[in-house]
1. By the scheme Lys and Arg +1, Asp and Glu -1, what is the net charge of all other residues having a beta-carbon under 11 Å from that of SER301?
2. Enumerate the calculated ³J(HN,Hα) couplings along the stretch 205-219 in order (Karplus 6.51 cos²θ - 1.76 cosθ + 1.60, θ = phi - 60°), each rounded to whole Hz, writing x wherever the residue is Gly or Pro.
3. Residue-wise, which Karplus ³J(HN,Hα) couplings in Hz belong to the stretch 98-105, taking 6.51 cos²θ - 1.76 cosθ + 1.60, θ = phi - 60°, and x for glycine or proline?
4. Residues of the stretch 106-134 with backbone nitrogen within less than 14 Å of a virtual label 7 Å along the Cα-to-Cβ line of THR163, please, listed as ranges.
5. Can you list residues from other chains, or at least 5 along the same chain, whose modelled amide H is less than 5 Å from the amide H of SER8?
6. Could you tell me what percent of the DSSP beta bridges with both partners in the stretch 68-226 are antiparallel, to the nearest 5?
7. Can you list residues whose amide H is under 5 Å from GLY204's amide H, if they're 5+ apart or on another chain and H is modeled 1.01 Å from N?
8. Whenever you get a sec, compute what percent of the accessible area on the stretch 83-135 sits on carbon and sulfur atoms (1.4 Å probe).
Amino acid sequence: MDVAIAGSHGLIGSALVADLVARGDTVRRLVRRGAAPPDGVGADASDGATRAPGVRDVLWDPRTGELDPAALEGVDAVVNLAGAGIGDHRWTAAYKQTLLGSRTTTTSLLARTVARLDDPPVLVNSSAIGAYGSRKDEVLTEASARGDDFLAGLVKAWENATTPASDAGARVVWLRSGLVLAPSGGALGKLLPLLRLGLGGPLGSGRQWWSWITLTDEVAAIRHVIGADVAGPVNAVAPEPTTNRELTRALARALHRPAVLAVPRFALRIAVGQFADDLVASQRVVPGVLSRTGFAWTHASPQDAARWVVEANEVSAPR
């Protein structure tokens, strides 16, 4: 395959590039000159790293609308993973605009560019299960209604920005990812060190549903939807949603540590502001489309995921 990737320097993007190259595929990284701007737009900027064989850089600038359609001619897929981090800063009014702009600006430019190609490739656009809002114990599928909170509105605008591509006949996939579990960074970046010290525990009540996917399966899901005959929303989550308490305990058991020190909601609010609402949101999301189209998970249970995260973290830890 020949795949163009925006957001290639992030957690998922880096893993996707490495995976595709290892399989002998060609990667075109959409990059900007210099470091990423502080507002997060085009947060996939080139860092000057040496390119591996099979990888070439394509310059673009989402803020100015600079992207030569010829640079995407012949690609089989465009994967858009660009956007400012949800949990990187407190959700001030200014940062909410950054979260929105960094997604809609990049997505809109990619969608318009794909629409201009004679043979539009599939556009796999990163999205999130935040689309559904917090729904307690309700089982949520791709057909479930959208939520009405900030994140749900953000996801709606993000996904709507792909309209020029679908209007031009391109197949567009909205990959609604759950919490991406990885040995370092991502959702567990700050939790794992605390659990290793025996200081971690459930967040809030711990009864909220957390729908998750390991980084390995997230990358595999992207490859899957590139080739599968699917369009629209696709929930990228493991087949076993679990509660925050259960997932935390699984991680603690894999570390041979206790997980009894619950973090109350008010403490989360003090620590991270409004983002705490997302951490205690309950989203019991199931992967209907992935299951129907034959996707095979490497880590299907929270126990599988916890063992992989801990073992991989120990292997990669500096000695």
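1. -2
2. 6, x, 8, 5, 6, 10, 9, 10, 7, 6, 4, 4, 6, 4, 4
3. Values, residue by residue: 5, 4, 5, x, 5, 8, 6, 5 Hz.
4. Residues passing the 14 Å test: 108-109, 111-112.
5. LEU30
6. Working: 0 of 13 bridges.
Bridges in the stretch 68-226 that DSSP calls antiparallel: roughly 0 percent.
7. For GLY204, whose amide H was placed from the backbone, the distant partners under 5 Å are VAL263, ARG265.
8. 46
The values are calculated or read from the model by the stated rules, or taken from the named source; none is laboratory data. Model, not experiment: these values are computed from the prediction. Methodologically, a virtual Cβ is constructed for each residue, glycine included, from the backbone with ideal geometry; neighbour enumeration extends over all protein chains shown. When the accessible area is computed, the model is the full protein with side chains, heavy atoms only, and any ligands, DNA or RNA have been set aside. Shrake-Rupley method; radii C 1.70, N 1.55, O 1.52, S 1.80 Å.
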